[in-house]
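The values are calculated or read from the model by the stated rules, or taken from the named source; none is laboratory data. All values reported here derive from a predicted model rather than from experimental measurement. Neighbour counts run over all protein chains shown; Cβ positions are idealised from the backbone, glycine included. All accessible areas refer to the heavy atoms of the entire protein, side chains included, with ligands and DNA or RNA removed. Shrake-Rupley method; radii C 1.70, N 1.55, O 1.52, S 1.80 Å.
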There are 2 protein chains.
Amino acid sequence: MTDLTYQRPIPALLTDVKNAAVGRLFARMGDAGFGDVREGHGCVFGFIDMEHGSRLTDLAEASGFTKQSVGEAVAELERLGYLERRACPDDGRAKIIHLTDRGREAALTGRRIFAEIEAEWAEEVGAEAVAAMRAAAERIAELEGSGR
Amino acid sequence: MTDLTYQRPIPALLTDVKNAAVGRLFARMGDAGFGDVREGHGCVFGFIDMEHGSRLTDLAEASGFTKQSVGEAVAELERLGYLERRACPDDGRAKIIHLTDRGREAALTGRRIFAEIEAEWAEEVGAEAVAAMRAAAERIAELEGSGR
DNA sequence: CAGTTTGGTCAGGTAGCTTGACTTCTTGGT
DNA sequence: ACCAAGAAGTCAAGCTACCTGACCAAACTG
């Protein structure tokens with residue numbers, strides 16, 4: 001703290017900010033009546049096609065997790081009433097994962113809360129700063145992602 | 001990707017950027033001959049007093065992990081030759097954790113690599129953008145940290 | 001209509017943390 | 001001077017969120 005030349009390591013810094021966001025998110029999800037949604041469910045809520053549903057494989061591909069991991073999240077969310085799995089009419093192997101009404105409500109609530117969090121950060125440290133952080137992060141993530 | 005109104009969730013975004021940094025860090029640590037250093041060792045390297053050493057409890061406090069977790073990292077790093085635990089002259093319960101020469105070398109190498117990574121990002125997306133990202137992240141982390 | 005690929009599931013394993021219980025030593029009140 | 005309370009560190013056990021590997025059934029491919 002007293003060493004002016006010391007730069008906080010970037011992973012620790014980003015993790016702190018992430019945890020701050022996650023903490024706020026789930027606190028408010030709980031307040032909104034979605035206390036049973038966990039962080040690991042993000043691979044579903046974050047990537048599912050809210051209109052037409054998605055396949056497990058596509059959620060796995062998009063989220064970067066394995067089919068098994070996403071499958072477990074889906075199974076739990078189905079048990080909790082956020083999802084339904086329906087047979088795919090075009091492919092006897094596949095199932096289409098659909099949000100239920102409650103699931104749609106939860107997904108929209110989550111998005112709303114994320115927007116709120118960024119808005120609050122904007123009040124606290126300046127809108128330009130938050131926008132700049134997001135923009136830089138998006139560009140870096142994109143660059144690194146394409147290099148994989 | 002095609003939905004222009006969709007904002008990538010901030011935790012996923014920050015995690016991607018963090019993982020990009022971590023990936024580069026450990027690849028280069030390996031190249032530099034420190035292939036046995038793992039991410040979990042950051043709670044030591046990131047917070048240890050390089051001159052006078054640190055106590056386990058202080059590392060735990062500073063890093064935000066439990067004493068047990070930090071203790072395990074310290075034990076492993078001691079086995080690997082990066083640290084030494086010496087009895088504390090002022091307190092018979094405590095031990096002072098010191099970096100060995102090799103440990104100091106590793107710590108400095110890590111810091112150098114972090115600086116390199118940010119410099120590379122600066123080339124790719126602009127120095128102002130990276131600086132803005134860091135500045136915003138630091139302010140947010142500080143605000144959230146103080147509210148705990 | 002065989003051979004390969006793909007969607008999804010089942011089983012088992014592991015890394016990286018946690019909480020809880022404990023020992024040893026220090027500290028502060030009386 | 002003593003004893004209660006607290007702090008430093010360790011041991012044991014457990015949990016969570018992932019992973020890899022093996023597999024089945026259905027679908028494409030020639």
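Taking both sides together, the accessible area buried where B meets A is about 3800 Å² for a 1.4 Å probe. Need the C-alpha centroid separation for segment B:114-142 versus segment A:4-41, integer Å. When both Cα centres are located, 20 Å separates them. Shape of segment A:28-67 from the C-alpha gyration tensor: oblate (a/c of 1.5 or more and a/b not above b/c, with a ≥ b ≥ c the square roots of its eigenvalues).
Heavy-atom accessible area with a 1.4 Å probe sorts B:Glu144, A:Glu105, B:Glu123, B:Glu84, largest first, into B:Glu123, A:Glu105, B:Glu84, B:Glu144. Checking the a/c ratio against 1.5 first, then a/b against b/c, what shape does the Cα gyration tensor give for segment A:91-148? Because a/c hits 1.5 or more and a/b fails to exceed b/c, segment A:91-148 counts as oblate.
Counting only residues at least eight positions apart within a chain, or on another chain, the lysines with an alpha carbon under 22 Å from that of A:Lys95 are A:Lys67. Kindly state, to the nearest 0.05, the FRET efficiency for A:Arg104 paired with A:Glu142, given R0 = 22 Å and r defined as their beta-carbon distance. Approximately 0.20, to the nearest 0.05. With contacts taken as Cα pairs under 8 Å at a separation of at least 6 residues, chain B carries a relative contact order of 19 percent. For the protein assembly as shown, the Kirkwood radius over C-alpha pairs fed into Stokes-Einstein at 10 °C and 1.306 mPa s yields D = 74 µm² per second. Going 7 Å from the Cα of A:Asp49 toward and past its Cβ, which residues in segment A:73-114 have a backbone nitrogen under 15 Å from where you end up? In segment A:73-114, the label zone of A:Asp49 (backbone N under 15 Å from the point 7 Å along Cα→Cβ) covers A:86-91, A:94-99. What a 1.4 Å probe finds exposed on the protein assembly as shown is 51% carbon and sulfur by accessible area, rounded to a whole percent. If you take the beta carbon distance between A:Ala115 and A:Asn19 as r and set R0 to 25 Å, what does 1/(1 + (r/R0)^6) give as a FRET efficiency, to the nearest 0.05? For A:Ala115 and A:Asn19, the calculated efficiency is 0.85.
Candidate cross-link partners of A:Lys18 among the lysines, defined by an alpha-carbon separation under 21 Å and a same-chain spacing of 8 or more, comprise B:Lys18.
Adding -39500 (n - 2.57) for every DSSP H run of four residues or longer, then dividing by how many residues chain A holds, sets the calculated 222 nm ellipticity at -20500 deg cm²/dmol.
If you bin all the Cα-Cα distances of segment B:7-89 at 10 Å, starting from zero, the percentages per bin are 16, 40, 31, 10, 2, 0.
Residue order by solvent-accessible surface for A:Asp36, A:Asp90 is A:Asp90, A:Asp36, largest first, with ligands and nucleic acids left out and a 1.4 Å probe. Model label points for B:Glu78 and A:Ala75, set 7 angstrom from Cα along the Cα-to-Cβ axis, are 4.2 nm apart.
Across chain A, counting alpha-carbon atoms alone, Rg and Dmax equal 18.1, 64 Å.
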